[in-house]
C-alpha cells in the first residue's frame with residue numbers, strides 16, 4: 001500500500017487546528033485518508049478504539065471542517081464519514 005501523507009491544508013489557522021487535534025482524532029483522519037469514506041462502526045472495528053472516543057473525535061473533526069458526515073444511501077439511519085481536506 002502506498003501511503004500518501006499530504007493533506008491539502010491551505011491556511012495557517014487550519015494547520016494549527018490540525019496540530020491541536022488529539023492523537024485519536026489524527027489517527028481517524030489518517031484512516032479516512034487511506035481507506036476512504038467509512039461508517040462509524042467500521043472505524044471502531046479498524047481502530048479498536050472505544051465508541052465514545054470515536055464519537056468525540058469525529059465531532060471535533062467535523063467542527064474543524066476536516067471531515068463531513070453524510071447518510072448512507074442504502075440505510076438512512078447510518079452515517080458515513082469522509083475526509084474533505
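For the range 47-85, how many residues are in contact with a strand residue (DSSP E or B) (Cβ under 8 Å, 6 or more places away or on another chain), assigned to a helix (DSSP H, G or I) and either in contact (Cβ under 8 Å) with a residue 40 or more places away in the chain or loosely packed, with under 15 Cβ neighbours inside 10 Å (or both)?
Residues meeting the conditions: 2.
Taking the residues in the range 31-40 that are part of a helix (DSSP H, G or I) and in contact (Cβ under 8 Å) with a residue 24 or more places away in the chain as candidates, determine which candidate is nearest to residue 9 (Cα to Cα).
Across the range 31-40, the extreme among qualifying residues is 33.
Would you call residue 29 within 16 Å of residue 63 (Cβ to Cβ) and either surrounded by 14 or more Cβ atoms within 10 Å (Cβ to Cβ) or at pLDDT 95 or above (or both)?
On the way: within 16 Å of residue 63 (Cβ to Cβ): yes; either surrounded by 14 or more Cβ atoms within 10 Å (Cβ to Cβ) or at pLDDT 95 or above (or both): yes.
The answer is yes for residue 29.
Return only the number of the condition from (1) farther than 14 Å from residue 83 by Cβ; (2) under 14 Å from the mean Cα position of the chain (by Cα) that residue 19 does not satisfy.
All conditions pass for residue 19, except number (2).
The values are calculated or read from the model by the stated rules, or taken from the named source; none is laboratory data. In this text the structure is predicted, and so the values were computed from the model without any measurement. A quick note on method: Cβ atoms are made from the backbone with ideal geometry, for glycine too, and the neighbour counts reach across all protein chains shown.
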